[in-house]
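Reviewing the structure listed below.
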Amino acid sequence: MTIQWFPGHMAKAKREVQEKLKLVDFVMELVDARAPHSSQNPLLHDILQNKPKMIILMKKDLADDYQTEKWLRYFTHKHIPAVAINVNHKPDIQKVIEQAKLLGQQKINIMQQRGIQTRPARAMIIGIPNVGKSTLINRLANKKIAKTGDRPGITKHQTWIKVKNDFELLDTPGILWPKFEEQIVGYRLAAIGTIKDNLLSLQDIAAFVITYLQNHYPALIKQRYGIEPNMDDMWEVFQKIGKKQGALESGGHINFDRVAEIVLNDLRTGRIGKITFEQVKE
Ligand SMILES: Nc1nc2c(ncn2[C@@H]2O[C@H](COP(=O)(O)OP(=O)(O)OP(=O)(O)O)[C@@H](O)[C@H]2O)c(=O)[nH]1
């Protein structure tokens, strides 16, 4: 399986991020706590060059807390400040602000050392689609932001959001597409709902999820669907879930697509439990 985004779109997105980067002092890179590595775009490393960044692991309410702690330690070990958040939890938003303030202060210190008049530090949010960029911008702004300047014919101008008195944030995020270097990256991102469900077969994604849960979270899948780790016949597994969840079509046959939808929906809403699809490589 190779998933290819439209190369034209990707090049344009990269250019836009590069343009915006010129305006900011540091970057907040959003990744998904359920797949922190797969949801990064390696391109960012090249275009960021020496600009400071912090990492925000989003959707920690859906991720395995133990793995999230390990990921935080991993980033700290690499000297990248990182915080894990649930965007709907106010103290977590405060954690983001505190960390951003520290990065901003570095810039202000440099301005002071050079004897130039200081101004608030400026930041932007970057991340792959659906990672939570707009939601976080809204939370940091503490209000719903009216998007302006996106319509054709309107001169684009950058609007800055004042985050308390601590720093300024670009009101539009930078989008970078995920990069599928390995097939499994595509499946992880499909599982967490980052890429559209019609890009890979729904049943394949659900089968990937079930196998992963059997291997890593056997108690959770048993609890939800009564599936044992040694049940390796996927046809049987789908039958079992389908019967249990009433995913039947006329004639009493199991509707396999419906089973896949149920599993993915249960996963993405956290009904199966808190799950992380990617472990830190020791
Ligand atoms: N459970 C949970 N959901 C979140 C969190 N952050 C964002 N979301 C949800 O993730 C979905 C995507 O959020 P958006 O803010 O639209 O993501 P985006 O990165 O701006 O998406 P694009 O516009 O596609 O680039 C929404 O349904 C949010 O409610 C979080 O911390 N926890």
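Tabulated values for the structure
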{"read-out": "Net dipole in debye of the chain [+1 Lys, Arg Cβ; -1 Asp, Glu Cβ; about Cα centre; nearest 20]", "value": "1440 debye"}
{"read-out": "Using θ = phi - 60° and Karplus 6.51 cos²θ - 1.76 cosθ + 1.60, couplings along the range 108-120 (whole Hz; Gly, Pro as x)", "value": "5, 4, 5, 4, 5, 4, 7, x, 9, 5, 7, 9, x"}
{"read-out": "Calculated from backbone phi, Karplus (6.51, -1.76, 1.60) coupling profile of the range 170-176 in Hz, x at Gly/Pro", "value": "5, 6, 10, x, x, 10, 10"}
{"read-out": "Neighbourhood net charge (13 Å Cβ-Cβ; Lys/Arg +1, Asp/Glu -1) for Lys14", "value": "+1"}
{"read-out": "Under 5 Å, built H, 5+ apart or other chain: amide partners of Lys53", "value": "Val27"}
{"read-out": "Nearest-20 debye value, the range 241-282 charge dipole, Cβ charges on Lys, Arg, Asp, Glu", "value": "180 debye"}
{"read-out": "The chain - Rg over Rh from alpha carbon coordinates, Kirkwood radius", "value": "1.03"}
{"read-out": "For the chain, built as a Gaussian network whose Cα springs stay under 10 Å, the top-fluctuating residue of Glu168, Glu182, Glu261", "value": "Glu182"}
{"read-out": "Per-residue HN-Hα couplings for the range 87-97 [Karplus 6.51, -1.76, 1.60; θ = phi - 60°; Hz; x = Gly/Pro]", "value": "4, 8, 10, 4, x, 5, 5, 4, 4, 4, 4"}
{"read-out": "All aspartates and glutamates inside 14 Å of Lys274 as judged from Cα atoms, apart from same-chain residues fewer than 8 positions distant", "value": "Asp32, Asp61, Asp64, Asp65, Glu69, Asp266"}
{"read-out": "Candidates Ile110, Ile97, Ile241, ranked by Gaussian network fluctuation over the chain, Cα under 10 Å, top entry", "value": "Ile110"}
{"read-out": "Amide proton proximity set for Ala84, modelled H, under 5 Å, gap of 5+", "value": "Leu57"}
{"read-out": "Cleavage-rule hits (trypsin sites (Lys or Arg not before Pro)) in the range 104-134: DSSP loop, at most 11 neighbouring Cβ within 10 angstrom", "value": "Arg114"}
{"read-out": "On Cα atoms only, tilt of 202-216 relative to the major axis of the chain in degrees", "value": "90 degrees"}
{"read-out": "Rg and Dmax of the range 8-175, Cα atoms only, in Å", "value": "15.8, 49"}
{"read-out": "Between helix 65-77 and the chain: long-axis angle, C-alpha atoms, 0 to 90°, nearest 10", "value": "40 degrees"}
{"read-out": "Cross-link pairs Lys240/Lys281; Lys95/Lys281; Lys12/Lys70 - those with Cα-Cα distance over 32 Å", "value": "Lys240/Lys281; Lys12/Lys70"}
{"read-out": "Most to least packed among 35-44, 186-195, 208-217 [average Cβ atoms within 10 Å]", "value": "186-195, 35-44, 208-217"}
{"read-out": "Rounded to 5, percent antiparallel among DSSP beta bridges of the chain", "value": "20 percent"}
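Taken together, the values in this text are just the output of simple stated rules run on the coordinates, not laboratory data. These figures come from a predicted structure and were not determined experimentally. We place every Cβ from the backbone using ideal geometry, glycine too, and count neighbours over all the protein chains shown.
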